[in-house]
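These notes concern the structure reproduced below.
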Amino acid sequence: MSDAVSPGDTPEPPGFTVWFNPNCSKCRTVSGILAERGVDADYVRYLEQTPTRDELEAVLALLGTDDPRAIMRTGEAVYRELGLAGADRDALLEAMVANPILIERPIVIRGDRAVVARPPENVLDLL
């Protein structure tokens with residue numbers, strides 16, 4: 001059987017992955033927005049399945065930034081406790097791997113694009 005796409009066939013669009021915390025109202029709102037539009041997403045509970053440094057780097061690239069603070073919860077107590085305000089890029093990434101509560105949520109990934117869904121309506125940019 002051939003994997004070739006026939007004329008008139010449309011390739012299936014890439015799926016959605018959501019870095020998700022069920023206790024977060026913004027995450028639940030994003031889930032609702034996607035469900036209302038019939039989008040079946042893979043919800044990754046990032047506090048339990050901590051992203052690797054490579055995964056964090058990949059998301060930063062999809063967001064079009066090199067700055068870890070773009071996906072970092074700088075208001076968390078652990079951010080202050082670890083003295084991350086003046087930390088370099090490597091220290092910030094390592095801190096997020098060691099303390100996933102520092103990762104902003106929700107982050108929605110689709111194909112070669114991602115958004116930080118704050119506000120939740122940012123997810124609409126991926127539809």
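Could you give the length gained on full extension between ALA70 and ALA58, defined as 0.36 nm per residue of separation minus the Cα-Cα distance, in nm?
Value of the extension gain: 3.0 nm.
At a temperature of 4 °C and a viscosity of 1.567 mPa s, determine how fast the chain diffuses translationally according to Stokes-Einstein, using the Kirkwood radius over alpha-carbon pairs as Rh; express D in µm²/s, rounded to the nearest whole number.
Estimated diffusion coefficient is 83 µm²/s.
Quick check: pseudo-label points 7 Å beyond the Cα along Cα→Cβ at ILE101 and LEU124, how many nm apart are they?
3.3 nm
Restrict the search to region 12-91; then list the chymotrypsin sites (Phe, Trp or Tyr not before Pro) that DSSP places in a loop and that have at most 10 other Cβ atoms within 10 Å of their Cβ.
Passing both the DSSP loop test and the Cβ count: no residue.
What FRET efficiency comes out for the pair ARG80/THR29, r = Cβ-Cβ distance, R0 = 35 Å, nearest 0.05?
About 0.80, to the nearest 0.05.
Coordinate-derived values only; no laboratory data. None of the values given here were measured: they were computed from a predicted structure. Using ideal geometry, Cβ is built from the backbone for each residue, glycine included, and neighbour counts are taken over all protein chains shown.
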